Structures are given as C-alpha cells and as structure tokens.
1. With r as the distance between the Cβ atoms of B:K93 and B:S197 and R0 = 35 Å, compute the FRET efficiency 1/(1 + (r/R0)^6) and round to 0.05.
2. So between A:W167 and A:Q32, what do we pick up on full extension, going 0.36 nm a residue minus the alpha carbon distance?
3. Given the DSSP H assignment, sum -39500 (n - 2.57) over each helix run of at least 4 residues in the protein assembly as shown and divide by its residue total; what's the result at 222 nm in deg cm²/dmol, nearest 500?
4. What residue among B:E102, B:E166, B:E135 has the largest mean-square fluctuation in a Gaussian network model of chain B, using Cα springs under 10 Å?
5. At a 10 angstrom cut-off on C-beta neighbours, averaged per residue, how do the peptides A:80-87, B:146-153 rank from highest to lowest?
6. Just need the Rg to Rh number for the protein assembly as shown, please, alpha carbons only, Kirkwood Rh.
7. Report, as a whole number in µm² per second, the diffusion coefficient that Stokes-Einstein gives for segment A:2-173 at 10 °C and 1.306 mPa s using the Kirkwood radius over alpha carbon pairs.
8. Using the Karplus curve 6.51 cos²θ - 1.76 cosθ + 1.60 with θ = phi - 60°, work out ³J(HN,Hα) for each residue of segment B:213-227 in order, rounded to whole Hz, and write x for Gly and Pro.
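Taken together, the values in this text are just the output of simple stated rules run on the coordinates, not laboratory data. Predicted model only: the values in this text are computed from it and were never measured. With ideal geometry, Cβ positions are generated from the backbone for all residues, glycine too; neighbour counts draw on all protein chains shown.
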Amino acid sequence: MLRVTKLRYGFPIGLLLFFYLDGILGAVFPKQLFSYPYSMSSYLVVLWLVLSVFFEDQIHIPLEIWAAIAGGLFDVYYTGIFGIFVFVFPIVVALTRACYKAFPINFLSGLLVHFIDVTIVCTLSYVGNLVVHLTSASFADMLVYSLAPTLAYNLAAYVILYFPIQWVFDRLKN
Amino acid sequence: MNKFFSNRRLVIVIVCLIVSFGLMSVSVAIRNKRSTPPLIQQFGNDVVGLVNRVIAWPVNGLKGSVTGVSDLLNTYQENQRLKSQVQELAQTKVHDQSVSQENKRLKQELKLNHALTDYSPVNATVIARTPSSWENQVIIDKGSAAGIKKNMPVLSGSGLVGRVSEVNRTNSKVELLSNSSESANRFAISITNKSGSTVNGIISGFDNAKNQIEMGNITSKTKIQKGDKVVTSGLGGIMPAGLLVGTVASTGTDNYGTASKITIKPAADISELSVVTVAIRQAQTTN
C-alpha cells in the first residue's frame, strides 16, 4: 500500500528532516535548550515516528525498520556510541502500536502516549550511558535536570506539530 | 503478562539486550583506543554531515536575522563600551608585536623551531549539537582533511572549550569542558600567581550548577589567589601551552580536607558556540 501513495517519498524526507532538526536546534539555540544545570534533549524524530503510527491508517509503513535506521544514524552521528537508540526507537514504535490497538487515539490520549514514549527514550538512554560510564549522574538528578525539561520541550513540540503533521499525512495519503 | 513474556519474546528481548550491550562496549572501546572510528562509520558520518549543512543553512539564516535585529538595538551601548577598550587594545597590540618579534629572534638564535606555545589555528563552524543530556558534545564541519586529529584542543573566542573526541574525514565531534563523564579528557593546566610561581595540575571535573571548572588533587603549597590566570601547560599529549582556560574563582580544600581544590571560571562561554578554532600544535607530539 505504501508504494501507491506519496508517503513513500514523504515519510523518509520527514524523518530525515526531523532527525537533522534535533541536532541543528541544539546548535542554534544552545542557551535556551542547554541552560545549566537543565538540559532539554530534542527528540523530534521520535515525534515523527509516533505520529506516523497514529496517522498511517491502512497504509502499513515498515516503521520498526525505519525507527532502527533513524536510531542507528542518531547513535553514529550524534552520540558516537552505537547500540542505544538503534534499539530504543523500535521499542518506542512497538509500544505506540500496542497503545494504538488498545484504545482510541485522539489528540489528548496521543499526548499521553507521547509522554510515555519520551520518558522511555530518556530513561533508556540514561541507563545506556550509565552502563558505559559516560555519565555518573544519579537517578534523581536525571529526573529533575534532564527528564522534566525534555518532557516539557517534547510535549510542547507535540502540541504545536500535531495538526500540521496530520495535515501533511492527509495530503500525502491522497 | 504471561502471554506478553512468552518464551519466544523473552528470548528475543534477552538477545537484543546482549547485542545492545555488546555494541555499546565495542564502540566505547574503539572510541577510547583508536584515533579514528572504523572506515564505514566515518563514511556514514561524512554523508550525514553533508546533508546536515544543507538543512542547517536556512535555520541559521532565520536565527541570524532575528539576532540581527536585537544586535542593532544594543549597538549604541556596545559601541560606547568598546570604544574605551579599543584605546587599551592598541597599546597592547603594539607591545605584543615587538615582544613576538623579539621572541622570534631569540628562538632563531637558540635554533629553536617550534616551542610548545606555537600552534596553527583551524577555524570551524558548529553544525549540530548532540541532543543528549549526558554528552555535552558538538559537531563541527572540519575533519581529518583539514589536519584535525583526536584529542586536539578546541577554542572559542577567548578560551578553551573542549577537545576533539572523534574525527571523520569532513566533520568531527568535540567534547565540551562541561562534559562530566568519567572518560572525559583531563587537560593539563597551570596557574601562575602574582609573584610568578606556578602550580601544575589537571582539570578534574565540571560543576554544572555553577558553570565552573574544578581542579583537584593539588598538593603544592603555593598561594593561589582569586583572579589568577589559568592556562594549558602543554605537558603531554598534543596540547599547545599557553591557551587561556579561565581565571581562578575560589580556592579551598577537597571533601576529605587532604588536598586543595581550585574552582575556575571558564574564559569562554561554553553554552554559546557557533564558530570554534581547533589548535594544532606545531612542536613535536609525544604520542
């Protein structure tokens, strides 16, 4: 089904665009995003993947594979430690799929799902970094200085981008 | 719950976990031991970095126009302040010129080609920042093609901001001073006090809350005062000497009361980086 719609170009382009925006926004607005001791990590690429689950309808995009590709690029290009996001992103997509099946998704319940997803991304990346001794921050520090600001940023991004992305998907599907 | 963790799923989950940990430890080992990442990773990073520049261009343009307006509003005050500094700078510059000429002549007499303080600068633009709270890392648009090697110091404006942690052909990653990971590089620094005596040591950490560098494990009895200048000492590795790190903010003893600890206010603003300079030491390297 993916082959006959414009989504076959549109989806990867959107994925790459949000992937790059994550890094570029950090470089362009470092004062706003990384004001010590708080740090907001931008996970717009996760937002794109989650919203793709919501809006794909009958068109089945192989989202887990795309998530693994995006996660692999994220690892290699941004962090330099391969093996964290390449697994975390597909987990998030699988979880969102499970939620999508379990209850009807609308703007508000989607916000809740995205909340859970970002929490999982943050926590698992913290655990990964802790294991390879790249951070020595305590779990409490992680909650206050990293998770809370990251959630605030990413949920704001969800609220702002939900309807524009829905519009884009509607356009691409026809 | 029983159904979710059926046998097959459980096996898959465990295999994924093991593979994930394996990959992480391999990449950390490569990062710590080798000077460049594997060729395939370099190639991937170069391709990704190329597109990064294309997308960063309009975003930077947008930001440039916004800051342009706010800069314009500040122009008058800034002009007043800078005028007073220019007078002072002209004198320093002339003095600096004559001193460096004298230095050059003396080096020739000693048949000394490159001292530890000599370095050639390579300017680079920051194209992205790692969206992670655990790695304070930026990506710059120059790589081994421009002569950059791993562990070289990176400067911004007036002082040291970090070191190169990974080099690809056309881009590289820079670990900032604020990176508090256990594997972060320790810079060799020295502090010279008013009476001219020097304390050597290494950077031992970064205080995120106060935005200050920490220098610990000092056993020297030399009196260090607030405001003393801290520079790189050039001892070991490929670091040139005499790069400004910051000024001493406070002195005290460490948590155990055995050695003294000095906190340093960084000279460069680590949180606002757009253009950086990589310093390539000209004197022979020790590793």
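1. Working: r = 29 Å, r/R0 = 0.82.
So the FRET efficiency works out to roughly 0.75.
2. 45.7 nm
3. -16500 deg cm²/dmol
4. Result: B:E102 has the largest fluctuation of those listed.
5. Values: A:80-87: 24.1, B:146-153: 18.6.
Sorting A:80-87, B:146-153 by mean packing, highest first, produces A:80-87, B:146-153.
6. For the protein assembly as shown, the value is 1.02.
7. Rounded to a whole number, D works out at 96 µm²/s.
8. 8, 10, 10, x, 6, 9, 10, 5, 9, 4, 6, 10, 10, 4, x
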